[in-house]
1. Inside 10 Å of the C-beta atoms of B:92-99, what's the mean count of C-beta atoms belonging to other chains?
2. Given the options B:R232, B:R133, B:R143, state which has the largest fluctuation in a GNM of chain B using a 10 Å cut-off (strictly under) for Cα springs.
3. About its Cα centre, how strong a charge dipole does the stretch A:158-263 have in debye, to the nearest 20, once Lys and Arg get +1 and Asp and Glu get -1 at the Cβ?
4. What does the average come to when, for each residue of peptide A:231-238, you count the partner chain Cβ atoms lying within 10 Å of its Cβ?
5. Can you bin every Cα-Cα distance in the protein assembly as shown into 10 Å intervals starting at zero and give me the percent of pairs per bin, rounded to whole numbers?
6. Which pairs, out of B:K45/B:K212; B:K157/B:K212; A:K254/B:K71; B:K6/B:K40; B:K40/B:K188, put more than 20 Å between their alpha-carbon atoms?
7. Suppose a student asked you for the relative contact order of the stretch B:2-253, using Cα pairs under 8 Å spaced at least 6 residues apart; what percent would you report?
8. Compute the label zone of A:F53 within the stretch A:59-85: residues whose backbone N is under 15 Å from the point 7 Å along Cα-to-Cβ.
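Each reported figure results from applying straightforward, stated rules to the coordinates on display, with no laboratory input. Predicted, not measured: the structure shown is a model, and the values here were computed from it. Note that each Cβ is placed from the backbone with ideal geometry, even for glycine, and that neighbours are counted across all protein chains shown.
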Amino acid sequence: MPTKSKNSKRLLGISLTLGGGLILSVFLATALGAVNVSLPDIFRMSLNKIALFDFPATWRTVDETIIFQIRLPRVVGGALVGAALATAGVLFQGLLRNPLADPYIIGTSAGAALGATIAMILPLNLALLGFGLIPLTAFIGALTSVILVYNLARVGGRTPVISMLLTGFVVSALFVAIIAFMMSIGDRLGLNLRSVFSFLMGHISVTNWNQLAVVAPLVIGGIIAARFFAFHLNAFSLGEEGAAYLGIEVERDKILILSLGSLLTATAVSISGLVGFVGLVMPHAVRLSLGPDHRLLIPASALAGAIFLVITDLLARTILAPGEIPVGIITALIGAPFFLYLLRRSRREYAF
Amino acid sequence: MIQIQKASFAYLNGLVLRNINLSVAIGEMVGLLGPNGSGKTTLIKLASGIIRPNHGDIRLGNTGLSQISRKSIAHSIAVVPQQFHIPFAFTTTEVVMLGRFPFIKTLSGESSADRQITAETMALVGLSQLAERRFDELSGGERQKVILAMALAQQPKLLLLDEPTLNLDISHQIEILELARRLNTTQKLTVIAAMHDLNMAALYFDRLILLKEGQIVADGTPSQVLTEDRIREVFAATVKVEMHPTTDVPHIIVTPKGNTVR
């Protein structure tokens, strides 16, 4: 039996590895792009920024603007999207008791995207809350779709893969159709909306720090709240009946966990559109190496998801530079084959 | 320990339990018998508080079960349901540790006392060798022992078992019933178990309750409950009841048709 000190040592090692990996990938992604700035220069700029040092500028002023006002917000935005989607994936997988659940696959992202689109099309948008209205309506959309899928896809306390996929697919298809329709109307009315293509394919559309002032607290707060439910999620792996026997108020906790997953998904979607498979790939990789205990799985998946999206977004920006492709294309190219592999492997287990 | 007074319960598709009166004292070992669909599982669920009677009342000690929070119920009652599917690769230790859930505070995590209770319970059930094995790779009998250990890690006063020996080979059946019996005598653990095997029930339980179509039709010692007439009436099966050769309980003998004369 692992002792406590052994566990905390392991925890420290994991946090250092993943935390270090995240910092490294953020620096790397900030350095690379249409204009390359060397890593040492970025270090010096950063240290100057936090007023610890005063290095002479060996770089152009425009470089500093690109790094801090354009690229860094985008990279941080990507990290937040990745962390949020991976954590939402863990929450949905735990509650649906199905390791193949992912906010994109089960239609939660599409619900959030529909909510976000409604906020973007409404004329009161800018006047009322600025950017803040988008996460709110996205949350309502996400929660609606997750409750829909949760209730439609469950058969006798379990969520068979086949019914989860079918329900998620159809709900997604419906919501995406409505989004595309609304955006077409928006074009016709001359509203200056995001391109349907980049929104539906997933694209980190962070252009300033103001958006992150709304998104970052929601994502970080959501992940911390999710961590509080970690042990509950372990108990939920016994099913709702088994969880109730262990003292869980099932109906209350279920709605709280689904809301939390919806909040994280909605926040991510409001700045990225539909980025798929992050919530599937990262928790799976973490489970394989660290085991299924949610108390470790949640923080580790959040960090891994952040790293994953920072790197994939870097690829999206640089593969066809100076052009960009939506980051959702990269995550789908990696995630979809992985999903198919898992699906094949789990066939026996789920008997469909 | 637990009193069920005039309880009735119906699922949407019809009445399952009718006017159940049942009082189980501390330290009793009670077997619930009856044909499939007679209401054994529903009665276990009622006693656990996860479903509530449409009429009637259930009291745990002196308090109405519906007045007690799930967490407090889990401090006194542990349940082993018929089957558990765990979709993630938890180890035996991690599953047994879930039995400590009602006692563990979210912020501090499990204490060394929780870890010790988990280890002791696994030793008691004979699982120490399997501590680090994955639950989903265990045999059916081993899994059932893990779930039983999880329930016992709750250190309950009342243990509810729903057909604990279903689908198990004879050695695992004996092992699980012996353990329940031992805890019943040494720790005064109250046990209520739904059972299918009439002979096993007669051997291991002091008091048997026979259900038919949602009603209690007999309640007493094995010799009082398991008579040839009553088994014919309730199970529609013709059997012979004799005395067990070494213990003082009835033993049911089944004779296949056509083999009566040899």
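1. Details: counts 0, 2, 5, 3, 0, 4, 9, 3.
That works out to 3 on average.
2. B:R232
3. Numbers: 6 positive and 6 negative charges, 64 e Å.
Its charge dipole is roughly 300 debye.
4. Whole-number average of other-chain Cβ neighbours for A:231-238 is 6.
5. 3, 15, 22, 20, 16, 11, 7, 4, 2, 0, 0
6. Pairs exceeding 20 Å: B:K157/B:K212; B:K40/B:K188.
7. Details: 457 pairs, mean separation 64.1, N = 252.
The normalised contact order for the stretch B:2-253 reaches 25 percent.
8. Label zone hits: A:59.
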